[in-house]
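The block underneath contains the structure these notes are about, expressed in structure tokens.
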Amino acid sequence: MERESMEFDVLIVGGGPSGLAAAIKLKQLASERNHDISVCLIDKGAEIGAHILAGTVFDPKSLTELFPDWKERGAPIKTNAVEDRVLYLTATKAYAFPLAVMPDCFNNHGNYIVRLGEVAKWLGEQAEALGVEVYPGFAGADVLYDENGAVRGIVTGDMGVLHDGSPGPNFQPGMELLAKYTLFAEGCRGHLGKRLEAKYNLREGADPQVFGLGIKELWEVPGNPHHKPGLIIHTTGWPLTNDVYGGSFLYHLDDNLIQVGYVVGLNYSNPFLSPFEEMQRYKTHPEIRKFLEGGKRLAYGARAIATGNLQSLPRLVFPGGALIGDDAGFLNAARIKGAHAAIKSGMLVAEAAFDALVAGRQRDTLTAFPIAFRESWLYTELHKTRNFKPFMKKTFWLGSVLFGMDQKLFFGKAPWTLHNHSDHDKLKPAAECQKIDYPKPDGVLTFDRLSSVYLSNANHEEDQPCHLQLKDPNLAISVNLEIYDSPEQRYCPAGVYEIVNDGENGKPRLQINAANCLHCKTCDIKDPTQNIDWVTPQGGEGPIYQGM
């Protein structure tokens, strides 16, 4: 197919904190050194920030390096963190951990509570002001390679393709976007990042990446006497059992807003567990309910997060490009923070790419990036908490004790590094597990999936190829249904997957309601046979989060 093409010095795929920071830093360096370069950034969301979702207590360290005057520039970062509470929940009680015995990673002094989508939108404005060409609504559909096997850019997705794969009346072919260096900043489980890891064997010597599913709601609670801007509450314990890693966050913003979220580690073993239902049940706890009473749920969303830390980072560079942000796995799970790490990774790769361009290089391997990372404060921070997730997989109480000793006695410098193991092969057969009886939603405090998806503003053109592809459709029944009772019906937070019976013989089949998809990538991660491949739908589709 004949496609139009555009060429740039640097192409960035993804408009989250890492991609925007890389674009901004490149243009800052170009201005400082009087060496003009062209930078293009694309994002699959309808607008910058549309697909950004995080429960964000924001460490401003890296942003201050990028923009020392971010306050004067009007960054939407205003709610100071004023109080930390860490609670252990039983079914009816809440017990506060003394902060004096908690590891330093739970101290949020000097941080801010933000709506990360608004921060991303602001970063996008700063990038455009510096001359970055920013194109939301364009999905990177595939990677392009040159004759030497180096990445030379990407092709954006075709528009107007019908469900059967044929061109529709409004068909428009995607464009080839070419560059001397291409940076992939797609967020967690980026579908192009996954292909690059396979092509260049980037995971050789690294642990498998491990993940959690984060589900979030934004509430408005006018007049609630318990609302306190700057209050940060984390909980663990109920409703999850001791053998399941997970916990909640409750972040109090200004303007009577509260971010309510729940994270479940995707290494759980019971196929009947539903992270969405666990999140709804969590809100009914007396200690949590009181913060939401009289309030209104404004927004809903979900996304996977990469929690493997240093030992699960792939090799970051390859001929022609690099992985940055959560596309690589730069998130500090112990601190429950990733935005500051994403921004720093973008800045570091920008410096390496700019120096290469000034030297007249192109499409080689930016070896200066991983070297700079190892010499940075970001590496030191991640190294200190590298054993958090492996410890927490040993059950909550044992893991907490071991991690506390690791941080308090060894200051994160113990002479051992524990290892991560993949999440998808942890499910036990349904016959070996107990079903979980989840209460019905009341429509006031707890809700069903479909009404929740409505609040995400998710939109997909119905008559297009399904972007949730089964490598072998038979496995959905012969393995997932027969052995695991179709866990995709429960781990998906958007009701995308359901088992239906077709025809007179009543044979079951997996129905995929792709229009509901929130692009969280959980199915791509947790499917026990790795049979589900998430690829991009048409650009601009998916959720439109309002400052989540």
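The values are calculated or read from the model by the stated rules, or taken from the named source; none is laboratory data. Small disclaimer: the values here were computed from a predicted structure and weren't measured. Note that we place each Cβ from the backbone using ideal geometry, even for glycine, and neighbour counts take in every protein chain shown. Heavy atoms of the whole protein, side chains included, go into the accessibility calculation; ligands, DNA and RNA do not. Shrake-Rupley method; radii C 1.70, N 1.55, O 1.52, S 1.80 Å.
The count of lysine pairs in the range 27-185 whose Cα atoms are under 22 Å apart, excluding pairs fewer than 8 places apart on the same chain, comes to 11. Full extension of the chain segment joining Asp69 with Arg3 gains 19.5 nm, where the gain is 0.36 nm per residue of separation less the Cα-Cα distance. Hey, for a label at Phe272 modelled as a point 7 Å past Cα toward Cβ, could you say which residues of the range 430-470 have their backbone N under 19 Å away? Backbone N within reach: 430-441. Of the accessible area of the range 225-321, computed with a 1.4 Å probe over protein heavy atoms only, carbon and sulfur atoms account for 50 percent.
Projected label points at Asp142 and Thr241, each 7 Å from Cα along the beta carbon direction, are separated by 4.5 nanometres. Within the straight-line cut-off of under 29 Å between alpha carbons, the lysines reachable from Lys507 are Lys426, Lys428, Lys435, Lys440, Lys471, Lys521, Lys526, sequence neighbours fewer than 8 places apart in one chain being disregarded. For the listed peptides 296-303, 103-110, a ranking on the average number of other beta carbons within 10 Å per residue, highest first, reads 296-303, 103-110.
Each residue was assigned an accessible area with a 1.4 Å probe, and for His163 the value is about 110 Å². Measuring r between the beta carbons of Thr367 and Thr417 and using R0 = 30 Å, the FRET efficiency lands at 0.80. In this view, the solvent-accessible surface of Thr241, computed with a 1.4 Å probe and all protein chains in place, comes to about 80 Å². Recomputing Cα Rg over 2.2 N^0.38 Å from the coordinates shown identifies the correct label among (i) 1.12; (ii) 0.94; (iii) 1.26 as (ii). Taking the 1.4 Å solvent-accessible surface of the range 396-548 as the whole, the part contributed by carbon and sulfur is 54%. A 1.4 Å probe run over the range 470-548, with the rest of the protein chains in place, finds 37 Å² accessible per residue.
Leaving out ligands and nucleic acids, note down the accessible area per residue over the range 192-322 with a 1.4 angstrom probe, in whole Å².
Numbers: 3720 Å² over 131 residues.
Value for the range 192-322: 28 Å² per residue.
Once the piece of chain linking Leu99 and Asp463 is laid out straight, how much longer is it, given 0.36 nm per residue of separation minus the C-alpha distance between them? Write down the numbers at each step before the final one.
On the way: separation 364, 0.36 × 364 = 131.04 nm, distance 5.36 nm.
Taking 0.36 nm per residue and subtracting the Cα distance, the gain is 125.7 nm.
Summing Cβ point charges (Lys, Arg +1; Asp, Glu -1) relative to the Cα centre of the chain gives a dipole of roughly 1960 debye. Residue-wise HN-Hα couplings along the range 316-324, as the Karplus relation 6.51 cos²θ - 1.76 cosθ + 1.60 with θ = phi - 60° gives them from phi, are 7, 10, 7, x, x, x, 7, 9, 9 Hz; Gly and Pro carry x.
Computed extension gain for Asp448 through Ala359, at 0.36 nm per residue and net of the alpha carbon distance, reaches 26.4 nm.
The range 208-240 and the range 507-544 have Cα centres spaced 25 Å apart.
At a Förster radius of 35 Å, what calculated FRET efficiency corresponds to the Cβ-Cβ distance of Lys408 and Glu498, to the nearest 0.05? Calculated value: 0.15.
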